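The values are calculated or read from the model by the stated rules, or taken from the named source; none is laboratory data. On a predicted model such as this, the values are computed, not experimentally measured, just so you know. Heads up, the Cβs are rebuilt from the backbone with ideal geometry, glycines too, and the neighbour counts pull from every protein chain shown. Side chains included, ligands, DNA and RNA excluded: accessible areas come from the protein's heavy atoms. Shrake-Rupley method; radii C 1.70, N 1.55, O 1.52, S 1.80 Å.
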Amino acid sequence: MRLLTHNMLSSNIKGVANGFPLRIEVEKVIEKQVELNADFLRNLFPKIEWKALLDAARTMGYAELPEEADSPMLDSDEFLNKFHHALLELHLEEGALVCPETGRRFPVNKGIPNMLLHEDEV
């Protein structure tokens, strides 16, 4: 699961008011090379919750992102490379996503998060 995906997911358990961001529990992280597309990154940047991306990247062992980011930074090749790597090349292969409010664990197996709810959670 890419951190791009993580940045878009939230817990939809009945009664949960704040299901974002999901906490990551890491068992296995892999890196997959992806061609950098600067225009894609520039268009995606406003939709990214930066603090959630920063925390997720650090949890997965990547500490190269700055504490804060704004759109002028997208003119820097160095920043674009770091943003690209964190967002698209780091993959949570095995682990779990944890609801910040309830602690419910959603397993991630072979890079696929299982966000299915139990009957009492719908």
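Below is a table of values for the structure above.
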| quantity | calculated |
| --- | --- |
| Apportionment of accessible area to carbon and sulfur, the chain, percent (1.4 Å) | 48 |
| DSSP-loop trypsin sites (Lys or Arg not before Pro) across segment 1-109, with at most 14 other Cβ within 10 angstrom | K14, K32 |
| Surface per residue (accessible, 1.4 Å probe) for segment 36-122, Å² | 55 |
| Proximal lysines relative to K32, as straight alpha-carbon distance under 27 Å, when same-chain residues fewer than 8 apart are discounted | K47, K51, K82, K110 |
| Stokes-Einstein D in µm²/s, Kirkwood radius over Cα pairs - segment 1-69 at 4 °C with 1.567 mPa s viscosity | 95 |
| Mean ellipticity per residue at 222 nm, deg cm²/dmol - from DSSP H runs of n ≥ 4 across the chain, formula -39500 (n - 2.57) | -6000 deg cm²/dmol |
| Intensity falloff of the chain expressed as log10 I(q)/I(0), Debye formula with alpha-carbon point scatterers, at q = 0.10, 0.17, 0.19 Å⁻¹ | -0.31, -0.84, -1.01 |
